[in-house]
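Read through the structure below, which is laid out as structure tokens, and then see the notes.
The values are calculated or read from the model by the stated rules, or taken from the named source; none is laboratory data. These figures come from a predicted structure and were not determined experimentally. For accessibility, only protein heavy atoms count, side chains too; no ligands or nucleic acids. Shrake-Rupley method; radii C 1.70, N 1.55, O 1.52, S 1.80 Å.
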Amino acid sequence: MINRIKKIFNTKDKKALLENFVSLSALQLVGMLLPLITLPYILRVIGFEKYGVIVFSASLIAYFTALTDFSFRITATRDVAIYRDSPKKLNIIYSKVLTIKTLFLLISWLIIAIVVCLYPPFYENKEIYFYTSLLLLGYVLFPEWFFQGIEKMRYITYLNLGIKLFFT
């Protein structure tokens, strides 16, 4: 059986495809299993009401994640894949994307601060909203699009698994 698999994946491209598939599959599996372990503990410690506020805050941040992404997950990945053999072009792409994402991060934080400070139900739990907004910083600084473009998904898996296990 193993010899058959080795025959199927005997070229460099096919090996990279298999490695990327296994890496992302492992990441998805861990992403589904960790909440099953941690959720009962979290609900017992902070209660349903505060958990609802945290989940709502994370949902709010998801909208701003879409803003900071600004479709770089598609366009920047494509550009990196096209110019993966040109370090100079990769530096330019990386710098431009990071600069624009940082600008969108600052705009997002400003909007979040205004909404939280002006809307009383949000202001009651302002600490949760402000701490949750720090997730945007991690999202902006992690170059997932770059690793996808150079087809090195194992780095995405290693970093995400390490972060998830640390916080778990």
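Out of these labelled values of Rg/Rh (Cα atoms, Kirkwood Rh), (i) 1.06; (ii) 0.98; (iii) 1.03, which was calculated from the coordinates shown here?
Among (i) 1.06; (ii) 0.98; (iii) 1.03, the one calculated here is (i).
At a Cα cut-off below 30 Å, give the lysines reachable from K14, other chains included and same-chain residues fewer than 8 away excluded.
Result set, ordered by chain and number: K6, K88, K89, K152, K164.
Over the chain, what relative contact order in percent results from Cα pairs under 8 Å that are six or more residues apart?
Numbers: 107 pairs, mean separation 60.6, N = 168.
Relative CO of the chain lands at 36 percent.
May I ask you to work out the translational diffusion coefficient for the stretch 16-114 at 37 °C, viscosity 0.692 mPa s, via Stokes-Einstein with Rh from the Kirkwood sum over Cα pairs, reported in whole µm²/s?
Rounded, D is 195 µm²/s.
Take every Cα pair under 8 Å in the stretch 86-168 that's 6+ residues apart, average their separations, divide by the length, and report that relative contact order as a whole percent. Please report the intermediate quantities before stating the final value.
On the way: 23 pairs, mean separation 20.6, N = 83.
The normalised contact order for the stretch 86-168 reaches 25 percent.
Anyone know which of L33, L24, L137 comes out most mobile in the 10 Å Cα GNM of the chain?
Highest fluctuation among the options: L33.
Please compute, for the alpha-carbon atoms of the stretch 73-163, the extent along each of the three principal axes and give them in descending order in Å.
Taking max minus min along each principal axis of the Cα atoms, the stretch 73-163 gives 52, 27, 16 Å.
Quick check: convex hull of the Cα atoms in the stretch 128-168, volume per residue, rounded to a whole Å³?
57 Å³
So what is the calculated 222 nm ellipticity per residue for the chain, using -39500 (n - 2.57) for each DSSP H run with n of 4 or more, over all residues, to the nearest 500 deg cm²/dmol?
That comes out to -30000 deg cm²/dmol.
If you roll a 1.4 Å probe over the heavy atoms of the protein chains, what accessible area per residue do you get for the stretch 1-132, in Å²?
Working: 9640 Å² over 132 residues.
With the other protein chains kept in place, the stretch 1-132 gives 73 Å² per residue.
Could you tell me what percent of the accessible area of the chain is made up of carbon and sulfur, with a 1.4 Å probe and every protein chain present? Intermediate values should be presented prior to the final figure.
Numbers: 8270 of 11760 Å².
Using a 1.4 Å probe with all protein chains present, the chain comes out at 70 percent carbon and sulfur.
I'd like the projected area of the stretch 73-119, averaged over all directions, using the convex hull of its alpha carbons. Report it in nm² with one decimal.
Numbers: hull surface 14.2 nm².
Reported value for the Cα convex hull: 3.6 nm².
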